[in-house]
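Report on one structure; see the data block that follows.
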Amino acid sequence: MPRHSVCLFLAMLCPAPALAADPVSFRREVVPAFTAAGCNAGACHGSPTGKNGFRLSLRGYDPASDLATLTREFDGRRIDRTAPGNSLILQKTTGKSAHEGGIRLHVNEARYRLIRDWIAQGATDDKLARPTQLTVTPAHTERIGTTSPFALQVTATFADGTTKSVTHLTRFATTDEAVAKVTLANQVIRTGRGEAAVTAEYMGLMAVAGVRFLDPGPAVNLTGRPAANFIDRLVADKLQDLRVEPSPLCSDAEFVRRAALDATGRLPTPERIRAFLADTRPDKRDRFIDGLLASVEYADWWGMKWADRLGVNQRFTGKKGAVKYFAWVRAEVAANVPEDVLARRVLTAAGGNYSNPPAGFYRRLRNPQTRAEEISQLFLGVRIGCAKCHNHPGERWTQDDYYHLAAFFARVGYRDGPFYVETYDKEETVLVPRTGEAVQPRSGKVMPSKFLGGAVPEIGPEQDRREVFAAWLTRPDNPFFAKAAANRIWFHLFGRGIVEPVDDIRATNPPANGPLLDTLAAELVKSGFDRKHLIRLILQSRTYQASSTTTPANEWAGKYGAYYTVRRLGAEELYDAIADAAGSIEKFPGQPAGTPASRLPDGEYQHPFLTAFGRPARAIACECEREADTTLGQALHLSGGRTFDSLERKPGGRIDRLLAAGTSNDDVVNELFLATLCRLPTSEERAVAEKRLPAVGAAGRKAAVEDLLHALLNHPEFVFQH
């Protein structure tokens, strides 16, 4: 006789343990208890393969499967109806049996008792109404000075109209553990200063409560503080709420370097710096910004940013395709084609990808699921990939939502074009066939196209579904597109988004300054999705022009705009800065002499220096593909790598020109400081430098000047944006 049948027979003979007054619901209580304890998390038994032979659905999205796993798998050995406390699932979670996941439950807590009583009651399923709304109270908590923990209360409203406290069955998490954490006892504790969101999850529903922890001290009054535009006013409002005094404005020398690098990816020349520093007009910073945005380098730099995300890589597009695709992207940026028009042209592209380069976008995305994920992340700022196999564990998106979105891109096909012998390359034609559907794998149903969080549109049988999606996406009232675009532009100018990660916008990952992001998005729409207009507004703001020097009182508030955050230069940015500072003309294989790294058309291009500093392969839509970490390999490249040495000492460069002109030591020092750090040396720096330089014409002078340039190129002020 099977073991579970024996257990049922013995259960009829043996006295039953004391039961809870009310029946325990498997779906409303037991599954959420496992979720709250972390048992069905992705890092534990909720992973696709489970752990040690035990697999649960991620965060309980499939309770029917979980019931079978708990009660029937391995002859029901995981539960013991006659002695519920001896059930393996309780023995493991309480630490009475070896458990790699550690202690997750205690015998005196409510979650343990619910699981135990459910087993004692027969371990059955139920079909009770699902919750329709989750509420967390208090919705916002501010604590000044006190470090005492506090509790949140969570209430679920069900489809039948009933409400119930589910705090003990809620899974809590925080968006910033440097500010707040939630204990296993569901107590919110302070870990630092600032704001964080506490997310509450119950039966697939999410709710968010805001917490703010500040130190005691005088209030900060920023009302009436000088503001260049609405950005400064909204940032000041946030800083005033947080009792933070912002850093003062940066110097002219800091601004000219910072703005040039962020707007064009290139250092300003010494001549341009001198002219800017000597300019006494009150609007000289605005004039300088206008010049940057009108430059060829601006098109190179922002064209490169779009190319990174659009898959400009010969591995997908072919060699000729990558060159043509990049040229097309750069031309669109140079012409300041509005953000919405660019998006529509990419999303609806068809034909040969050499004759119509944006069709190359679809050469990388070979199935509806990949298209839905990449397009959602790139243009909506929504990472929907987690919903491919199950409901999204951290958002409202369901598996159905995923395949509704994929249905828009199910009718994309390919046909091989001509083969080019000289490049061993081929063109490919992107087609829009009349057939092709997205099928939900769990239900087997064909999913109609449906806007994310919206309605099912009417689409004619001959109509390109992508055009319907693109029209919805770029509507002024679309809740995603403008916000995602504005957040991405802010990210490229500050090194972090208002929502971070930049392409992960969701209710459970709220922005550092919600009113600011909303207003930036509204301004982008109002301007006709004019990218350059929004960049100009940000560069003109006092928030962008704030010093990167922090104070003890504001060093924790960088993400709120209290100061400009220091970050390492990107791969192409640093390479071009070294070449510009050294006065070198680099020659990349296959490219015209003088081509900057930011204009390299192919993400597949391999270069040891650029690879070491994180140049992306342009293989995925995520901004995270570009690495920003500092590594030992980077230090070795800067201290004496072949590329660095070649750029620094190339014949005919800046040093050779200075020496050939008989330039004095004082002017050599000035020139090299301006060419690298974009400022003149301090008196102490000048004294140290000139002490090491021989007289004009003396032997060894060139080597000494090269040593000075080498030291400046390795200076933190050069390697980092500040």
Within the range 415-429, residues being loosely packed, with under 14 Cβ neighbours inside 10 Å and either within 13 Å of M447 (Cα to Cα) or at pLDDT 80 or above (or both) number 2
Flagged in the range 452-464 as surrounded by fewer than 19 Cβ atoms within 10 Å (Cβ to Cβ) and not β-branched (V, I, T), in numbering order, are G453, G454, A455, P457, E458, G460, P461, E462, Q463, D464
**OP:** Look at T348 and say whether it is in contact with a helix residue (DSSP H, G or I) (Cβ under 6 Å, 6 or more places away or on another chain), β-branched (V, I, T) and surrounded by fewer than 23 Cβ atoms within 10 Å (Cβ to Cβ).
**Re:** yes
Requested in this report: Look at T543 and say whether it is open to solvent by 50 Å² or more (accessible area, probe 1.4 Å) and either touching a residue at least 60 places away in the same chain (Cβ under 8 Å) or among the basic types (K, R) (or both).
Outcome: no
Given the conditions (1) part of a loop (DSSP other than H, G, I, E, B); (2) closer than 27 Å to V502 by Cα; (3) of a type in the set (A, V, I, L, M), every one holds for A593 apart from (2)
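Tell me whether the range 508-519 contains one or more residues that are at pLDDT below 95, buried (at least 19 other Cβ atoms within 10 Å of the Cβ), under 26 Å from E177 (Cα atoms) and not aromatic (F, W, Y).
yes
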If you go through K587, K559, the only one that is under 21 Å from the mean Cα position of the chain (by Cα) and either open to solvent by 30 Å² or more (accessible area, probe 1.4 Å) or not basic (K, R) (or both) is K559
Among (1) assigned to a loop (DSSP other than H, G, I, E, B); (2) surrounded by fewer than 17 Cβ atoms within 10 Å (Cβ to Cβ); (3) among the basic types (K, R), R618 falls short only on (2)
Residues in the range 5-44 that are open to solvent by 60 Å² or more (accessible area, probe 1.4 Å), touching a helix residue (DSSP H, G or I) at 6+ places or on another chain (Cβ under 9 Å) and either modelled with pLDDT of 85 or more or farther than 30 Å from F158 by Cα (or both) total 2
Checklist entry - Does the range 602-613 contain at least one residue that is touching a helix residue (DSSP H, G or I) at 6+ places or on another chain (Cβ under 8 Å), under 23 Å from Q314 (Cα atoms), in a helix (DSSP H, G or I) and of a type in the set (G, A, S)? => result yes
Looking for something polar (S, T, N, Q), modelled with pLDDT under 95, open to solvent by less than 70 Å² (accessible area, probe 1.4 Å) and touching a Ser or Thr at 6+ places or on another chain (Cβ under 7 Å) - is there at least one such residue anywhere in the range 217-231? no
A careful count of residues in the range 374-392 that are over 14 Å from L347 (Cβ atoms) and open to solvent by 20 Å² or more (accessible area, probe 1.4 Å) gives 8
Just one listed residue, out of D252, D286, D262, D279, is open to solvent by 20 Å² or more (accessible area, probe 1.4 Å) and closer than 16 Å to R536 by Cα, and it is D286
Considering residues that are open to solvent by 20 Å² or more (accessible area, probe 1.4 Å), aliphatic (A, V, I, L, M) and in contact (Cβ under 8 Å) with a residue 24 or more places away in the chain, the number found within the range 59-82 is 2
Does P457 satisfy the criteria of being part of a loop (DSSP other than H, G, I, E, B), touching a helix residue (DSSP H, G or I) at 6+ places or on another chain (Cβ under 7 Å) and under 24 Å from R344 (Cβ atoms)?
yes
Given the conditions (1) over 27 Å from A335 (Cβ atoms); (2) of a type outside the set (K, R); (3) touching a residue at least 12 places away in the same chain (Cβ under 8 Å); (4) out of contact with any strand residue (DSSP E or B) (no Cβ under 7 Å at 6 or more places or on another chain), every one holds for E555 apart from (3)
Within the range 243-291, residues β-branched (V, I, T) and part of a helix (DSSP H, G or I) come out as V256, T264, I273, I289
R434 meets each of (1) modelled with pLDDT under 95; (2) open to solvent by less than 50 Å² (accessible area, probe 1.4 Å) with one exception, condition (2)
The residue that is most open to solvent (accessible area, probe 1.4 Å), considering only those in the range 351-373 that are closer than 20 Å to E332 by Cα and of a type in the set (S, T, Y), is S355
Of the residues in the range 49-58, those that are without any contact (Cβ under 8 Å) to a residue 12 or more places away in the chain and crowded, with 19+ Cβ neighbours inside 10 Å number 0
Pairs returned, first residue in the range 125-151 that is over 20 Å from Y202 (Cβ atoms) and open to solvent by less than 80 Å² (accessible area, probe 1.4 Å), second residue that is in a loop (DSSP other than H, G, I, E, B) and of a type in the set (S, T, Y), beta-carbon separation under 9 angstrom, 6 or more apart or interchain, are P149/T183
Here the residues within the range 562-584 that are open to solvent by less than 10 Å² (accessible area, probe 1.4 Å) and among the β-branched types (V, I, T) are I578
Note: among F469, F491, just one is surrounded by 20 or more Cβ atoms within 10 Å (Cβ to Cβ), under 25 Å from I620 (Cβ atoms) and at pLDDT 95 or above, namely F469
Checklist entry - Does R55 count as more than 20 Å from D117 (Cβ to Cβ) and modelled with pLDDT of 85 or more? => result yes
Within the range 669-722, the residues that are crowded, with 16+ Cβ neighbours inside 10 Å, touching a Pro at 6+ places or on another chain (Cβ under 9 Å) and not in a helix (DSSP H, G or I) are C678, H722
If you go through A185, A156, A200, A180, the only one that is over 19 Å from R27 (Cα atoms) and open to solvent by less than 50 Å² (accessible area, probe 1.4 Å) is A180
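The values are calculated or read from the model by the stated rules, or taken from the named source; none is laboratory data. Model, not experiment: these values are computed from the prediction. Cβ coordinates were reconstructed from backbone atoms using ideal geometry, including for glycine residues, and neighbour counts include every protein chain displayed. For the accessible areas, the whole protein counts, side chains as well, though only heavy atoms, and no ligand, DNA or RNA atoms are used. Shrake-Rupley method; radii C 1.70, N 1.55, O 1.52, S 1.80 Å.
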